[in-house]
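A.B. asks: Just passing along the structure, written as structure tokens.
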Amino acid sequence: MELSSSQQESLNRFMSGLQRRNPGEHEFHQAVLEFAETIIPFLDENPGYQEARILERMTEPDRVLTFRVCWEDDKGAVRVHRGYRVQFNNAIGPYKGGLRFHPSVTLSIFKFLGFEQVFKNSLTTLPMGGAKGGATFNPKNKSEREIMRFCQAFITELHRHIGPYTDIPAGDIGVGGREISYMFGHYKRLTNQFTGTLTGKGLAFGGSLIRTEATGYGAAYLMENMLTRAGGSVWKKDCVISGSGNVAQYAAEKMIQLGAKVVTMSDSDGFIHDKDGIDEEKLAWVMDLKNNRRGRISEYAEKFECDYFPGERPWKVPCQLAFPCATQNELDEDDAKALIENGCMAVAEGANMPTTAEAVHIFENAKILYVPSKAANAGGVAVSGLEMTQNSMRLSWTREELDTRLRDIMSNIHRQCVTHGEDGDYVNYRKGANIAGFMKVADAMLAYGVV
Ligand code: NDP
Ligand code: 2IT
């Protein structure tokens, strides 16, 4: 991103203020910097936003909640965790965003995720504000009853801050259909109301078809849109995917259906490289391993006799298409260089902010197709929005109807990125996504006056 010296000066001033007010919150600083780099030049052309100090207001969350969550494990020992909900911005709709249960979470991580969610939700065109939350709880190696007790303890506190017109949580790392069901059941009991206050619910109690698949499918659709615009296609392209959770599984499924070859998947212990490609049958085995047996990806290498690389990430494996689908900052400068040297032509982020700031600049300088998470993984929250619509109508749409809507939403996001990020033949999808996401929220904030 080329900035004039006065723009660079404004950016430095803005960032040093933000860092002073939010000390040590590195992920939050990173997310705001990658946004502000593209928005500060845009503000120069649109002084109305600047006079109203929209960027300063947007980078201060509406509200940050932290709370204690206490529960008893199966041995009767008392466990204490910290719960969070960052309600970042509700200018264009009620707060909406996932819950993450992972021992590594911090306030900085929830602030970066909540900030990103505001613009992602804006891009979907649906009326949703942005939020994120979760807890320091580690669901690994816990019994079903322990997971249930934790979810109930978490909702006992969070329930007073959420509601169908206030804040609608969903899943994220460590929170899938099982956890959402426990939380929804307890929320219903506490409030004595059957509302659509959580999304990602089971199909028998207000859930939507395609929600489970939506984030991964959406990332694959966005990849397809990018390649089509560039005159290519995903057909027969080698894909490197990281992660083996919800997003990775369905990104892999859709890429296989579209005729690409998926050669890697990973978890926090390492990655597998299957040179023959992971086909539908092998992927079904991975889904059973991860969703039912809760095993490790290394077992794939034993089962299907391929290479396993403990402690490593898959970015040195040659490919044309890359989908980071595990977690933040999982793809660094050296990984970006290796991808480009090995012929990678496009990267779509299934995870939130998986690429470090330095690696983003390497992709952009090399002018490969790179679409950031707020555009590429918006399919999940988009179908959450459609789950809310169906709950409000007390109706359920068919799989075909929802898949068509998801495809349309992803094409629309692609179009918005092109409109605002086109620079000659090249499209800077980061710039396009940031400006398009920003404008809708900013215009609503301007209309409200000083609030
Ligand atoms: P899951 O919990 O289903 O899967 C997470 C995957 O990432 C697992 O393979 C996990 O490995 C790996 N992983 C998690 N943390 C780390 C870590 N610190 N280091 C290395 N690997 C890690 O989560 P999701 O698939 O739902 O989420 C993945 C990403 O996608 C996240 O960034 C999330 O924010 C984002 N996302 C999710 C959406 C959704 O609808 N679920 C929507 C939009 C974005 P292991 O099992 O070993 O921990
Ligand atoms: O990061 C995300 O967009 C999600 N985890 C999904 C949020 C949602 O409300 O469906």
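The values are calculated or read from the model by the stated rules, or taken from the named source; none is laboratory data. No experiment lies behind these values; they were computed from the predicted model shown. Ideal geometry is used to build each Cβ from the backbone, glycine not excepted, and the neighbour counts take in all protein chains shown.
A.B. asks: Which residues, taken from region 98-117, are β-branched (Val, Ile, Thr) and closer than 19 Å to PRO372 by Cα?
C.D. replies: So in region 98-117, the residues β-branched (Val, Ile, Thr) come out as 105-106, 109.
Hit for region 98-117 is ILE109, nothing else.
A.B. asks: Further, regarding this structure: Condition (residue is assigned to a loop (DSSP other than H, G, I, E, B), more than 13 Å from the chain's Cα centre (by Cα), charged (D, E, K, R) and under 30 Å from THR356 (Cβ atoms)) applied to region 85-95: is it met by at least one residue?
C.D. replies: No, every residue in region 85-95 fails to be assigned to a loop (DSSP other than H, G, I, E, B), more than 13 Å from the chain's Cα centre (by Cα), charged (D, E, K, R) and under 30 Å from THR356 (Cβ atoms).
So that you can scan it fast, the table gives a plain yes or no per residue for (1) within 23 Å of GLU312 (Cβ to Cβ); (2) surrounded by 24 or more Cβ atoms within 10 Å (Cβ to Cβ); (3) of a type in the set (Ser, Thr, Tyr):
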{"residue": "GLY243", "(1), (2), (3)": "yes, yes, no"}
{"residue": "GLY270", "(1), (2), (3)": "yes, no, no"}
{"residue": "HIS273", "(1), (2), (3)": "yes, no, no"}
{"residue": "ILE278", "(1), (2), (3)": "yes, yes, no"}
{"residue": "GLU281", "(1), (2), (3)": "no, no, no"}
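A.B. asks: Which one of the conditions (1) on the phi > 0 side of the Ramachandran plot; (2) within 16 Å of ligand 2 (Cβ to nearest atom); (3) among the small types (Gly, Ala, Ser) does GLY311 fail to meet, given that it meets all the rest?
C.D. replies: (2)
A.B. asks: Which pairs turn up if I take residues in region 91-110 that are closer than 17 Å to ILE155 by Cβ and look for partners that are away from ligand 1 (no atom under 12 Å from the Cβ) and among the charged types (D, E, K, R) with beta carbon separation below 7 Å, at least 6 apart in sequence or on another chain?
C.D. replies: TYR95/ASP167
A.B. asks: Can you name the residue in region 71-95 that is basic (Lys, Arg) and away from ligand 2 (no atom under 14 Å from the Cβ) and, of all such residues, is surrounded by the fewest Cβ atoms within 10 Å (Cβ to Cβ)?
C.D. replies: LYS75
A.B. asks: Can you work out which of the residues in region 143-164 that are over 16 Å from ARG85 (Cβ atoms) and of a type in the set (Lys, Arg) is farthest from ligand 2 (Cβ to nearest atom)?
C.D. replies: Once the filter is applied, the top-ranked residue is ARG145.
A.B. asks: Looking at this structure, is PHE271 of a type in the set (Phe, Trp, Tyr), part of a strand (DSSP E or B) and over 28 Å from LEU113 (Cα atoms)?
C.D. replies: In short, no.
A.B. asks: Considering each residue of region 266-282, count those that are more than 18 Å from LYS140 (Cβ to Cβ) and in contact with a strand residue (DSSP E or B) (Cβ under 8 Å, 6 or more places away or on another chain), and give that number. Talk me through it step by step, then tell me what you get.
C.D. replies: So the first thing to find is which residues in region 266-282 are more than 18 Å from LYS140 (Cβ to Cβ), and the list is 271-282.
In the following step, the residues that additionally are in contact with a strand residue (DSSP E or B) (Cβ under 8 Å, 6 or more places away or on another chain) were identified as 271-275, 277-278.
Number satisfying all stated conditions: 7.
A.B. asks: Hey, another quick one. Those residues that are assigned to a loop (DSSP other than H, G, I, E, B) and at pLDDT below 95, I need them from region 1-45; list them, please.
C.D. replies: Correct list: MET1, GLU2, LEU3.
A.B. asks: Which ones in region 190-202 are more than 16 Å from ligand 1 (Cβ to nearest atom) and over 15 Å from CYS151 (Cβ atoms)?
C.D. replies: If the condition is that a residue be more than 16 Å from ligand 1 (Cβ to nearest atom) and over 15 Å from CYS151 (Cβ atoms), then THR191, ASN192, GLN193, PHE194, THR195, GLY196 are the ones that fit.
A.B. asks: Under the condition of being closer than 22 Å to LEU126 by Cα and in a strand (DSSP E or B), which residue from region 96-116 is farthest from ligand 2 (Cβ to nearest atom)?
C.D. replies: LEU99
A.B. asks: Which condition number in (1) among the acidic types (Asp, Glu); (2) closer than 29 Å to SER104 by Cα; (3) not in a helix (DSSP H, G or I) is the one that GLU56 fails?
C.D. replies: (3)
A.B. asks: Scan region 348-405 for residues that are within 16 Å of ligand 2 (Cβ to nearest atom), among the hydroxyl-bearing types (Ser, Thr, Tyr) and crowded, with 20+ Cβ neighbours inside 10 Å and jot them down. Explain how you work it out, then say what you get.
C.D. replies: Start the filter on region 348-405 by keeping residues that are within 16 Å of ligand 2 (Cβ to nearest atom), which leaves 348-355, 371-392, 402, 405.
Those left that are additionally among the hydroxyl-bearing types (Ser, Thr, Tyr): 355, 373, 384, 389, 392.
Those that are within 16 Å of ligand 2 (Cβ to nearest atom), among the hydroxyl-bearing types (Ser, Thr, Tyr) and crowded, with 20+ Cβ neighbours inside 10 Å: THR355, SER373, SER384.
A.B. asks: Any residue in region 165-172 that is aliphatic (A, V, I, L, M) and within 11 Å of ligand 2 (Cβ to nearest atom)?
C.D. replies: yes
A.B. asks: Another question, if that's okay. So which of ALA301, ALA346, ALA357 is closer than 30 Å to GLU144 by Cβ, touching a residue at least 24 places away in the same chain (Cβ under 8 Å) and away from ligand 1 (no atom under 12 Å from the Cβ)?
C.D. replies: Only one candidate qualifies: ALA301.
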